[in-house]
Structure formats: C-alpha cells, structure tokens
Amino acid sequence: MSAGYDALLLVSFGGPEGQDDVLPFLRNVTAGRGIPDERLEEVAHHYRHFGGVSPINDQNRALKAALEAELAARGIDLPLYWGNRNWSPYLAEAVQQAYDDGHRRLLAIVTSAYSSYSSCRQYREDLAAALETTGLAGEVSIDKVRQYFDHPGFVTPFVEGVRAALGRARAALGNGDVARDAHVLFVTHSIPTSTAVTSGPPGAGLADDGAYGAQHRAVAEVVMAAVESGADVAGDTGGAPWSLVFQSRSGAPTTPWLEPDINDEIRRLAAAGTRAVVIVPLGFVSDHMEVLWDLDEEAMETAREAGVWAERTPTPGVDPAFVAGLVDLVTERTAGAPRPALTALGPWHDVCPAGCCANPRGVRATVAGADEPAPVAGG
Ligand SMILES: CC1=C(CCC(=O)O)c2cc3nc(cc4[nH]c(cc5[nH]c(cc1n2)c(C)c5CCC(=O)O)c(CCC(=O)O)c4C)C(CCC(=O)O)=C3C
Ligand SMILES: [Fe+2]
C-alpha cells in the first residue's frame, strides 16, 4: 500500500466488565485529575446498576468484527488490533502484539469523532505512552486517521435516526406540527470551557468553545439540512428547531464546563411549550455508558417528569455506513481515495498541527502530530 502501513489499530476508551473492575477502571480514567470522590461514587453507581459491565467493550468487539469483514470484502489485507486507554485490552498490549506479529507501521482508528483534549490529543498521548511502555518507540510508528465528525459515514446514521424520530414525534403529537411543538436536542459530552477554547489548532479564530463547539454545530446543521431535504411528502417532519446541549459534566462545580446541560434544557423547553424532544447523541460513536445512563436513564426521566414525549436516536455503532466510512478513512491514507467532508471545517487534519487540542496539564509526547518527535520510519 502506498503509505506503507502494515496494520490497523482500533483505539477506544475501554470499560469495566464486572463489579470488581469498576473502581480500578474509574481510577484509571481519573488518574492525576482531581475528580472529587463523590463524583467517582456517583459514576460507579451507574456502572453497578448494569452489573458493573460497560457495554463499550462488546461494542468495540462488534465494531472490530464488522471492520474486519468490510476490509476482507474489499480485499484490503491489513490486520486490525484493538486496544483501550482505560481498560484491558490496553493499548500497550495491542501495540506489542502487532510488533510480535511483525508489523512496524500502524494506522490508528479512534472511536472518537471530534477535536478536544479528551477526544483527540489524549488518545495520541496514550499511543505515545504505549510505545514508551513497550520499549517500541524507535521501532514502531503510529499515525491515525483524521477526526471524522463530518465524514458521511459518521453523519448518515444520525440523519436517518433524526428523520425517523421526528416522524414518530409527529405521530405522538397526533399528527401535530413538529416545527411548533418539537425540538431536536443534539447532545455531546461537556468538557471544561478552558479545554473547549483550546480544542483544535491554535489561533483558528473560532468561537469560545473552539473547534469542539464549531464541529458539533456544523454537523448538527448538516444533519438538519439533510432531514429537511428528505422530509416526507407533506414536509411534516420539517422545520423543527434544534440546539446543541451537553451531558455528563464532572469535575469541581466551580470549574466552568460547556452548557446548557441537557436536563436543564428539557425542563426549560417544556416550560416554554415544547411537547416533544428528539435526543441525538451526536458526540458519541456507540451506545456506551454515557448514552445508556446519562441519556436513556436520566434525560428520559427528566422528559417524563416534564411531561414531554422523548426519544433518543441511535449512535453510529456498527451501522454499515459508518463501518464502510471508517474503511474509507483508511483507504484515503493507503490508496489516495477521495476525502469527503460535509462541513466547511473539514476534511480535518491527518497530522494534527502543533499545539492542537492542548493538554491543560502540560506537554506530553504524542504520535500523529506535527509536535511529536520526528517519526522514525521514512515518509
Ligand atoms: C469528550 C469526551 C468523550 C467523547 C470522546 C470519546 O469517546 O473519547 C468522552 C467519552 C467517554 N467517557 C467515558 C467515561 C468517563 N469519562 C469520564 C470523565 C471525563 N470525560 C470527559 C470527556 C469525554 N469523555 C472529560 C473532560 C472528563 C473529565 C476529565 C477526565 O477524567 O478526563 C469519567 C470519569 C468520571 C466522570 O468524571 O464522569 C468516566 C467514567 C466513556 C466510557 C463509557 C463506558 O464505560 O461505556 C466514554 C466513551
Ligand atoms: Fe468521558
């Protein structure tokens, strides 16, 4: 293959697989971060409610299998390894295994679509740390496919989900007027405003919530435009208002995070006369714990209490469009395939610019960026 990659690496967050894993997992996630104990207890309770098992690992097993099938169907002969930031199989194990199997140039696919420290640079640091721990820093190189928030493969499942949910909202409103009575809530993980402002490349001149906010708003606009253009014959699912809201805030209450919180927004909308909300987990790739708990339990309960009809739309998961899109992201690097992007912000960088998505706690080694130490292998 032209760029010389010899293996792929699926990189994800990881999650506990039983009650005994829950606290060690949460300690991994929050290592060195000053997340208050009360918050850890609160989060442990979400996992305990589901038997201490996060669905995220099974979702990644399914994604890995789907990607392998798609690669095979297209005759792409690249083995796929899987490793996580916070739980077994860890990134270091995956990198070691790839090396033991004879691979030296890896291309990573991260289960995270947007730019921010948590969703981009931290994974690049984790990959550099995996090379360090395994002693493979000079032996193995790791690049990653671009952030894919505006790739058609990521966006398409959301379009289909919103269109279907608005149709059901309309029916639930007694064939009512979604433009007047419904509201589409695009929701993503809140992050500290201090890391939102530094998300993306430095000096991009974006709003206060940086590339992270701009990317989500741009994708939401694309989704709504696509829903409108495919509205049913009567146009009855068209015209619904939308907004970007946030979930899963943590950290000290005195530290500002992106707002509004989805629950506050559902209550505010209900008080202002909204009768149906469509909740779109735009920030997430699969139905992991942040979706199952913070949306399906908490936000749905808020909606019930507020007396509004609510439905949460699917995440990309293993939707064939998403799986094919991830393989397209690989082939644009290995075979010069086209680089589709549905917003004016993209296609995003293959190599993160220097200082992109700065780490608020200081500079650490990274891979796949202009500010990493010079790559070992040529080109
Ligand atoms: C932007 C973003 C994504 C989306 C991009 C991506 O997908 O990467 C994401 C995903 C996820 N976040 C997850 C879980 C957690 N995130 C935490 C904490 C935090 N997330 C943050 C941001 C994000 N997080 C931040 C700024 C913090 C606080 C500081 C810190 O600690 O960095 C904590 C600690 C406790 C708490 O504070 O809530 C937990 C347990 C899981 C796994 C779910 C499962 O198990 O199924 C997933 C996929
Ligand atoms: Fe998180």
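Can you find a residue in region 84-104 that is in a strand (DSSP E or B), more than 23 Å from residue 316 (Cα to Cα), away from ligand 2 (no atom under 16 Å from the Cβ) and modelled with pLDDT of 95 or more?
yes
Of everything in region 70-102, what is within 16 Å of ligand 1 (Cβ to nearest atom), hydrophobic (A, V, I, L, M, F, W, C) and under 11 Å from residue 9 (Cα atoms)? Give them in sequence order.
Listed by number, the residues that qualify are 82, 91.
I want to confirm something. Restricting to region 22-43 and keeping residues that are within 14 Å of ligand 2 (Cβ to nearest atom) and at pLDDT 90 or above, which single residue is nearest to residue 111 (Cα to Cα)?
29
When residues of region 264-284 are filtered for being touching a residue at least 40 places away in the same chain (Cβ under 8 Å) and either under 26 Å from residue 159 (Cβ atoms) or under 26 Å from the mean Cα position of the chain (by Cα) (or both), how many remain?
The qualifying residues number 14.
Being away from ligand 1 (no atom under 14 Å from the Cβ) and closer than 27 Å to residue 56 by Cβ narrows it down to one residue among 291, 285, 223; which is it?
Only one candidate passes the filter, namely 223.
Considering region 243-276 alone, what residues qualify as being in a strand (DSSP E or B), within 16 Å of ligand 1 (Cβ to nearest atom) and among the hydrophobic types (A, V, I, L, M, F, W, C)?
244, 245, 246, 257
From the list 77, 58, pick out the single residue that is outside any helix (DSSP H, G or I) and either modelled with pLDDT of 95 or more or surrounded by fewer than 18 Cβ atoms within 10 Å (Cβ to Cβ) (or both).
77
With (1) assigned by TED's automatic domain parsing to the domain that holds residue 247; (2) over 23 Å from residue 266 (Cβ atoms); (3) touching a Phe, Trp or Tyr at 6+ places or on another chain (Cβ under 7 Å); (4) aliphatic (A, V, I, L, M) as the list, and residue 184 as the residue in question, which single condition is left unmet?
So residue 184 meets the others, but not (2).
Would you check if residue 53 is buried (at least 17 other Cβ atoms within 10 Å of the Cβ) and touching a helix residue (DSSP H, G or I) at 6+ places or on another chain (Cβ under 6 Å)?
no
Out of 65, 108, I need the residue that is under 22 Å from the mean Cα position of the chain (by Cα) and surrounded by fewer than 21 Cβ atoms within 10 Å (Cβ to Cβ). Which one?
Going through 65, 108 in turn, just one is under 22 Å from the mean Cα position of the chain (by Cα) and surrounded by fewer than 21 Cβ atoms within 10 Å (Cβ to Cβ): 65.
(1) touching a Ser or Thr at 6+ places or on another chain (Cβ under 8 Å); (2) small (Gly, Ala, Ser); (3) at pLDDT below 95: which one isn't true of residue 321, the others all being true?
Residue 321 satisfies every listed condition except (3).
Testing residue 105 on (1) in contact with a strand residue (DSSP E or B) (Cβ under 7 Å, 6 or more places away or on another chain); (2) of a type in the set (Lys, Arg); (3) within 16 Å of ligand 1 (Cβ to nearest atom), one condition comes back false. Which one is that?
Result: residue 105 fails condition (3) only.
Considering region 108-118 alone, what residues qualify as being of a type outside the set (A, V, I, L, M, F, W, C) and either away from ligand 2 (no atom under 14 Å from the Cβ) or within 16 Å of residue 355 (Cβ to Cβ) (or both)?
Listed by number, the residues that qualify are 115, 116, 117.
Residue 19 versus (1) within 26 Å of residue 331 (Cβ to Cβ); (2) polar (S, T, N, Q); (3) away from ligand 2 (no atom under 16 Å from the Cβ): which is the lone unmet condition?
Going through (1) within 26 Å of residue 331 (Cβ to Cβ); (2) polar (S, T, N, Q); (3) away from ligand 2 (no atom under 16 Å from the Cβ) one by one, residue 19 breaks only (1).
The conditions are (1) under 30 Å from residue 368 (Cα atoms); (2) part of a loop (DSSP other than H, G, I, E, B); (3) touching a strand residue (DSSP E or B) at 6+ places or on another chain (Cβ under 8 Å), and residue 217 fails exactly one of them. Which is it?
Checking residue 217 against (1) under 30 Å from residue 368 (Cα atoms); (2) part of a loop (DSSP other than H, G, I, E, B); (3) touching a strand residue (DSSP E or B) at 6+ places or on another chain (Cβ under 8 Å), the one that fails is (2).
The values are calculated or read from the model by the stated rules, or taken from the named source; none is laboratory data. Worth saying up front: this structure is predicted, and the values here are computed from it rather than measured. Here the Cβ is made from the backbone with ideal geometry for all residues, glycine too, and neighbour counts use every protein chain on show.
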